[in-house]
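The structure under discussion appears below in the form of structure tokens.
Read-outs throughout are calculated quantities, based only on the coordinates presented, and are distinct from any laboratory measurement. None of the values given here were measured: they were computed from a predicted structure. Positions of Cβ are generated from backbone atoms using ideal geometry, with glycine treated the same way; all protein chains shown enter the neighbour counts.
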């Protein structure tokens, strides 16, 4: 769905200024990501308002997406599926209990999983130098620590929930499930 729109936008930009724009496939990739993010945020806003949990849903989503950029993860082939699954997981994670002792457990599990499994890249994705990846891992751990400080100071658990979600999605079991679900979806369409 988003890919079709991305191609249209990339074609228009390439046609208007062919010499000073990126390659067509780079433009398509960038627009696909942009449309996917916008659509996901619209879904989060709508469902957050409907569920009366807009702030919490936004916290989980922002934390999850920030860590996703820093630590990678498995992807679906279809960006619409990605948006819908992100929304479903974010909604599921706002239902987690948030009493103080359990928040520390989430925090420790998240740090441990990031240390063990981050980053994860698919074979076709660009990988940076080991030094750069180490810096990104440290940045991710810093984000998780800041999430816990926000919880401690303001009682807002959403950033911790989003961090935990991303950390869990880096595990081999989650990556395997993502690929199996993606394969099943492709067979269903094919």
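Would you calculate, for the chain, the mean residue ellipticity at 222 nm contributed by helices, counting each DSSP H stretch of 4 or more residues as -39,500 (n - 2.57) and dividing by all residues, to the nearest 500?
Result for the chain, helices only: -27000 deg cm²/dmol.
Over all alpha-carbon pairs in the chain, figure out the percentage whose distance exceeds 28 Å.
Of the Cα pairs, 32 percent sit more than 28 Å apart.
Extension gain residue 99-residue 5, at 0.36 nm per residue separation less the Cα-Cα distance, in nm?
29.5 nm
Between residue 50 and residue 38, what is the spin-label point distance in nm, taking each point 7 Å from the Cα along the Cα→C-beta axis?
According to this spin-label approximation, the distance is 2.2 nm.
Kindly put 147, 163, 16 in sequence by how many other C-beta atoms sit within 10 Å of each C-beta, fewest to most.
16, 147, 163
What residues of segment 81-100 lie in the reach of a label at residue 29, counting those whose backbone N is under 19 Å from a point 7 Å from the Cα along Cα→Cβ?
Label zone hits: 82.
Rank the residues 61, 183 as a footprinting-exposure proxy: fewest other Cβ atoms within 10 Å of their Cβ go first.
Arranged by neighbour count, lowest to highest, 61, 183 become 183, 61.
Report the residue, chosen from 45, 165, 27, that carries the largest GNM mean-square fluctuation when the chain is represented by alpha-carbon nodes joined by springs under 10 Å.
27
Could you calculate the contour length gain from residue 183 to residue 22, that is, 0.36 nm times the residue separation minus the distance between their Cα atoms, to one decimal place in nm?
Length gained between residue 183 and residue 22: 54.8 nm.
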